[in-house]
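Remarks on the structure that follows.
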Amino acid sequence: MSAAEVAAPKFSTLSLDEKLDRLAEVAVKVGLGLKEGQELIMSAPMDALPLARKITEQAYKAGAVLVTTLYGDDPSTLARYKYAQDASFDYAPVWLQEGVANGFRSGAARLAIAGANPALLAQQDPKKVSRANIAASKAGKPAMELITRHEINWTIVAAATPEWAKLVFPGEPEDAAVAKLWEAIFAASRVNVDDPVAAWKQHGERLKQRVDFLNAKRYAALHFKSADGTTDVKVGLADDHLWAGGGTTAGNGVYCQPNIPTEECFTTPHKDRVDGVVKASKPLSHQGSLIENIQVKFEGGKIVEATATAGEDVLNRLISTDAGARRLGEVALVPHNSPIAESGILFWNTLFDENAASHIALGQAYSTCLIGGEKMSAEELAKLGANESLIHVDWMIGSDAMDVDGIAQDGTAEPLMRKGAWV
Ligand code: ZN
Ligand code: ZN
């Protein structure tokens with residue numbers, strides 16, 4: 001057999017089934033780094049069943065001892081809003097979330113497939129949506145903490161689903177919209193190349209260089225300023241902050257890529273040292289609600305004013321979840337020339353949109369973004385400026401009109417990004 005005959009077939013010549021298999025392989029090998037004998041707990045929308053099955057196959061091929069998938073279903077979620085008694089909205093399956101947390105503690109990896117309709121709950125009562133989210137966050141806290149502390153290997157990948165695809169490509173027939181969204185997911189997830197596993201290794205090394213550069217700088221703050229002045233904010237960084245990006249070694253010793261795709265370098269801001277105004281550069285889909293044209297004002301780290309042209313009620317309920325919901329838990333730098341940004345597609349999905357633009361996140365900080373943070377108590381983390389909340393919601397502020405300066409400990413500013421690109 002000649003070398004040409006054994007080479008992998010070109011991505012464009014593969015069937016959808018084969019392309020899904022490639023994405024599944026990247027999810028398991030690169031995203032999770034799943035270990036022989038490890039258990040996998042997966043969550044997936046019903047519409048992502050073909051990808052969930054491919055991931056299950058790849059996981060068993062990689063040596064998984066057991067794959068358990070929890071399926072979500074958009075029409076069933078809507079049925080709750082339509083017919084359930086009022087008490088339902090303060091309720092969450094605590095027993096299930098405890099079981100998931102126990103699974104993680106006993107060694108399971110976690111994979112989430114994103115793909116639910118981003119506008120599913122847009123027409124529902126924001127009060128009920130907020131109550132249901134709070135109940136779900138409280139029940140999910142023990143499991144979520146193991147994830148935000150990177151105790152276990154975990155990842156998120158996306159599947160093109162009909163309602164999501166129609167929102168991203170309005171005006172296209174459903175089949176064409178789904179096909180286009182799949183291609184956009186494959187490109188953004190870097191699986192449309194001959195050797196995706198090698199491409200991811202190279203990409204991870206480039207992100208690591210950027211992270212090392214930022215960590216060596218020990219900036220006191222970042223200054224974001226948009227050309228029209230609607231964003232002009234100084235984001236103080238937590239004492240002993242650490243930049244992260246690309247892959248990470250989880251507490252269980254497994255090297256994983258927590259998001260596919262990922263283009264960001266991110267760290268922990270200081271919860272009390274954020275001042276100025278911020279305007280979102282993209283709309284935000286949060287748990288099925290759409291929030292558009294967010295504008296907020298920060299004083300001493302806290303949001304003191306928040307407006308939006310759509311979903312303002314949802315936004316105000318979100319930042320009232322608890323004391324930490326008005327403060328930042330993450331700041332991330334993403335160049336405007338990342339492949340996702342260059343596609344020009346508005347995904348209405350944070351996994352993609354946050355990797356197309358610099359962003360900030362309200363709520364819970366990642367303790368792994370502080371030197372020695374994974375071993376610290378809540379009090380020790382708070383002392384360094386790390387925020388605590390039931391929520392962690394990223395929203396996009398970067399664009400090709402955004403300049404970012406790094407502010408040194410002595411107050412001098414140096415350019416980091418100009419017009420959204422690294423200097
Ligand atoms: Zn982020
Ligand atoms: Zn985030």
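Looking at (1) among the polar types (S, T, N, Q); (2) at pLDDT 95 or above; (3) within 16 Å of ligand 2 (Cβ to nearest atom), find the lone condition where GLN287 falls short.
Unmet for GLN287, out of (1) among the polar types (S, T, N, Q); (2) at pLDDT 95 or above; (3) within 16 Å of ligand 2 (Cβ to nearest atom): (2).
Hey, which of the helices (runs of 4 or more DSSP H) in region 107-212, taking only ones fully inside, have at least 3 residues that are under 30 Å from MET376 (Cα atoms)?
126-148
State which residue pairs qualify: first residue under 11 Å from ASP239 (Cα atoms) and inside region 367-381, second residue modelled with pLDDT of 90 or more and charged (D, E, K, R) in any location, beta carbons under 7 Å apart, and separation of 6 or more residues or different chains.
Between residues of region 367-381 that are under 11 Å from ASP239 (Cα atoms) and residues that are modelled with pLDDT of 90 or more and charged (D, E, K, R), the close pairs are LEU370/ASP240; ILE371/ASP240.
Look through PHE11, PHE89 and report the one residue that is at pLDDT below 95 and open to solvent by less than 30 Å² (accessible area, probe 1.4 Å).
PHE11
Just a yes or no: is a residue in region 224-235 of a type outside the set (Val, Ile, Thr), within 30 Å of SER12 (Cβ to Cβ) and outside any loop (DSSP other than H, G, I, E, B)?
No, region 224-235 has no match at all.
When you check ALA378 against the structure, is it more than 16 Å from ligand 1 (Cβ to nearest atom) and not acidic (Asp, Glu), yes or no?
So ALA378 passes the test.
If I ask for residues that are more than 19 Å from HIS359 (Cβ to Cβ) and either within 22 Å of the chain's Cα centre (by Cα) or not in a strand (DSSP E or B) (or both), which ones from region 282-301 would you list?
The answer is GLY288, GLY300.
Considering only residues of region 395-423 that are within 18 Å of ALA238 (Cα to Cα) and of a type in the set (Asp, Glu), which is nearest to ligand 1 (Cβ to nearest atom)?
Of everything passing the filter in region 395-423, ASP405 is nearest to ligand 1 (Cβ to nearest atom).
Among the residues of region 342-349, is any of a type in the set (S, T, N, Q), within 13 Å of the chain's Cα centre (by Cα) and farther than 21 Å from THR230 by Cβ?
Yes, region 342-349 contains a residue that is of a type in the set (S, T, N, Q), within 13 Å of the chain's Cα centre (by Cα) and farther than 21 Å from THR230 by Cβ.
Show me the helices (runs of 4 or more DSSP H) found entirely inside region 302-393 where at least 1 residues are surrounded by fewer than 19 Cβ atoms within 10 Å (Cβ to Cβ).
Filter on region 302-393 gives 312-318, 339-343, 378-383.
Please give the number of the condition PHE347 fails out of (1) within 16 Å of ligand 2 (Cβ to nearest atom); (2) touching a strand residue (DSSP E or B) at 6+ places or on another chain (Cβ under 7 Å).
The one condition PHE347 does not meet is (2).
The values are calculated or read from the model by the stated rules, or taken from the named source; none is laboratory data. No experiment lies behind these values; they were computed from the predicted model shown. Using ideal geometry, Cβ is built from the backbone for each residue, glycine included, and neighbour counts are taken over all protein chains shown. With ligands, DNA and RNA removed, areas are computed over all heavy atoms of the protein, side chains included. Shrake-Rupley method; radii C 1.70, N 1.55, O 1.52, S 1.80 Å.
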